Structure formats: C-alpha cells, structure tokens
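The values are calculated or read from the model by the stated rules, or taken from the named source; none is laboratory data. All figures in this text were calculated on a predicted structure; none of them were measured in a lab. Glycine also receives a Cβ, built like all others from the backbone with ideal geometry; neighbour counts cover every protein chain displayed.
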Amino acid sequence: MKKFVRNIHYNQKSQSEFTKTLDQRIRDHFKNINSNIKANSFMWLKVTFFILAYFTNWFFLAFTAHGPEVTLILLLSFIVLTISMAFTVAHDAAHRTLSKNKFINDLIFGFTFNLLGPNAYLWKIRHTNAHHLFVNIPGSDVDIESTNLLRISPHTQWFPYQRYQHLYAPILYSIFTLHWIFVKDFKLFFMRTFGNITDLNHGTLRFLELIFFKFLYVSYMILIPTWFLPYSFSTILLTFIAFHLVLSFFLLLFFASSHVSTASHFVDADKNHLVPHSFYEHQLLTSVDFHPENPLFSFFCGGFNSHVAHHMFPQICSIHYPSLTKIIKKTAKEFGLKYEEKNLLLIWKEHFKILKMMGGDPKTGNQFFIKPPEESPLL
C-alpha cells in the first residue's frame, strides 16, 4: 500500500483568476478545434512511425554487417529514435494521453519503455508520484535528491568535491542509462520509499517481470547481434557501451535542463505542507521550454521541449502542446507571470552554469530557492 510522507498541496487562492482563465481558454481551444485531449490521427501516425523506425534500425544493426561509416550513421539514428521513443511514445503512454482506453495506454507504455531497457513499472511510480506532482520541491521530488555526487538544488548538502561537478557531470550523465538499467532498477525494487511515497511493496510477479525484460533487452541488444554478425562478443559489447554513453548524455541533458537551469527555481513547502503559490504558477517557476512551437523539435521531443504545458496538463497528449503553449504564454503575460523559453544550446549552457554555481560553496543558491514566508533564509 502506498502512503505519502508529506501531503503537499498548493495555494490555489494565489492567482486564482489566472488558473480559471487558463483552464477556460484550454477548454475553449479544444471546443473550437472540435477535438478531445487525447492523441489525434497524426499522433497515432507518429507513434507508428517511431515504433517501426526503431525496429527497422535495430534490424539493420543486428543482422547485417556494414562499413564503419554506415554503422556509425545507423548507431546515431538509433540514438535519436531511442530518445524519441522515450519522449514521444512511452512518455505519453505513461500519462495515458494516447487513448481513452487505459489498457491500450498501459500496453504501449509497458512494451516501449521496457523495450528501451529501464523498468517501466518502477519508473512510472517515480515519475508520476515522486516527480510530476512535486517538481523541484525538497523532500518530495526524487529527481533532485538522487545522488550526493551532484548538488543541483540549494537545499541539499554541499561537499567540497562538488566544486568540480560542472566538469565531471558529463561523465555521470554518460553512464546514467547503463547504471539505471543494470544497477538502479534492482536497487529501486527493494526500496520502500520513493521521494514522497512510502510503504511500497512490489511483489514477486513484479520482480519476475523485472528479470524477464532485462534478459529480453540484453538478448536483442547484445546476444542476437553477437550470434548473427561477424564480430566478436567484445566488439559488440564495446559498441553497446559506446551507444549508451552517447545516448545517456543527451537524454539526461534534455531532461535535466528543463528543471535545473538559471531560469528555474526550487520551492519549499511550509510546516503545513503548503506551497506558497498555485499549481500552475509552480510549473512556470520550475520548468523551462526550448523551441516549444517548433514542428521539428515537437515531432522528436514530444512534451519535453514544451515542458511547461506538459507539467500543467499532463493528462493532455503532447501533440497539442504547441497550441497550448501559445495560450499559456499569452495568459501568463496578461497576469504578469514569467514564462521561460530558451534556445536549446542556451538552456544547456545555463544548466552547466548552475551546476558550477551550486558546486561553488554551500551558501550558493538563495536566488533560486523560494522559501515559505515564515521560513528563515537558506544558510
């Protein structure tokens, strides 16, 4: 049984007119275009494209030997397809935004996410319950407190070695997916607390599922290519590792930059677990967009380039986010609220800038930390 450590809630009296106006405009938008909030026909074509493209790319890598140039191109395209499968197919399905049918969403999510290596069941608990509802909130958002190797939030303990974290962070980012697939998932399975949730008990069937999909992943990514290609096991293994080092670096950079940059904030709740502003305000403060209305970025990144819209409306399919972002930007401006949108290269630059700042000394970060009125300043 799941129990919550802190029942975090938002001050919905804050900017209540902004909330009502935005909600009404979003409803009017779907009424005007005569559409529901789930996937439209183009989104289903997109889902089909990425699944078929992923398997086709894998087939040419796993069963056919190529020259180094073609192999490199196939590996790079496989990286792009893997990230897009995670961002635009698995992620939408995890939030059940593709179909009105819960079973269809869960089937697509379980199939695609487990296919990519990490365990779908464990990630969904962390993502929907221990991140989405409590973005950048200390003690609740597990993503900002997952390791002492990096100080990404001003509320966490500082260590002297973190002065160099902006230099060694790329190494950690590069090994993240390998660690996640082969180490972290097994550690998470036996943890009873994820961020804001405690008393988790997953059961034997979930453990067997975990083992089965790990074996499936190793089989189709390593064992099958070793069997059918004229290369040694060590060559296949080293190629697999190199693939993950590049994949992991960019996957982490896309995700982390959306919430950890010089344009985002960290917000604490008071002793009554109340956040000092509304839910929609919180998403504006803690998330940063990059090219949210660009068709190419939206096609490949799903809801990750339009992260504000996604965190405000996770129940709405990502195919609608470019239109919703226009409404969010317009409404926020009318109510004097700040909406952050950056160039992709700039948001990456600012991500490493804040890593350098947070690692500089233990007092760094006050300007990025919003404390409840009665709380003392960060020391």
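Considered as a group, the residues in the stretch 1-14 that are within 27 Å of the chain's Cα centre (by Cα) and assigned to a loop (DSSP other than H, G, I, E, B) include one that is modelled with the highest pLDDT, and that residue is Asn11.
Scanning the stretch 54-85 for residues that are hydrophobic (A, V, I, L, M, F, W, C) and touching a Ser or Thr at 6+ places or on another chain (Cβ under 8 Å) returns Leu61, Leu75, Met85. Once the stretch 139-154 is narrowed to residues that are crowded, with 19+ Cβ neighbours inside 10 Å and either of a type outside the set (Ser, Thr, Tyr) or part of a helix (DSSP H, G or I) (or both), the residue that is farthest from the chain's Cα centre (by Cα) is Pro154.
Filtered by the rule that a residue be under 22 Å from the mean Cα position of the chain (by Cα), surrounded by fewer than 16 Cβ atoms within 10 Å (Cβ to Cβ) and aromatic (Phe, Trp, Tyr), the stretch 44-76 gives Trp44, Phe49.
Among the residues that make up the stretch 280-301, is at least one of them more than 13 Å from the chain's Cα centre (by Cα), surrounded by fewer than 18 Cβ atoms within 10 Å (Cβ to Cβ), small (Gly, Ala, Ser) and assigned to a helix (DSSP H, G or I)? Taking every residue of the stretch 280-301 in turn, none turns out to be more than 13 Å from the chain's Cα centre (by Cα), surrounded by fewer than 18 Cβ atoms within 10 Å (Cβ to Cβ), small (Gly, Ala, Ser) and assigned to a helix (DSSP H, G or I).
When Leu150 is tested against (1) modelled with pLDDT under 95; (2) farther than 17 Å from Ser261 by Cα, just one condition goes unmet, and that condition is (2). Looking across the stretch 26-43, the residues that are surrounded by 15 or more Cβ atoms within 10 Å (Cβ to Cβ) and assigned to a helix (DSSP H, G or I) come down to Ile26, His29, Phe30, Met43. Could you check the stretch 331-345 and list, in sequence order, the residues that are in a helix (DSSP H, G or I) and either at pLDDT below 95 or loosely packed, with under 14 Cβ neighbours inside 10 Å (or both)? Within the stretch 331-345, Lys333, Glu334, Leu344, Leu345 qualify.
Collect the residues in the stretch 15-24 that are within 16 Å of Glu281 (Cβ to Cβ), part of a helix (DSSP H, G or I) and of a type outside the set (Phe, Trp, Tyr), keeping them in residue-number order.
Once the filter is applied, which keeps residues that are within 16 Å of Glu281 (Cβ to Cβ), part of a helix (DSSP H, G or I) and of a type outside the set (Phe, Trp, Tyr), the stretch 15-24 yields Ser16, Glu17, Thr19, Lys20, Thr21, Leu22, Asp23.
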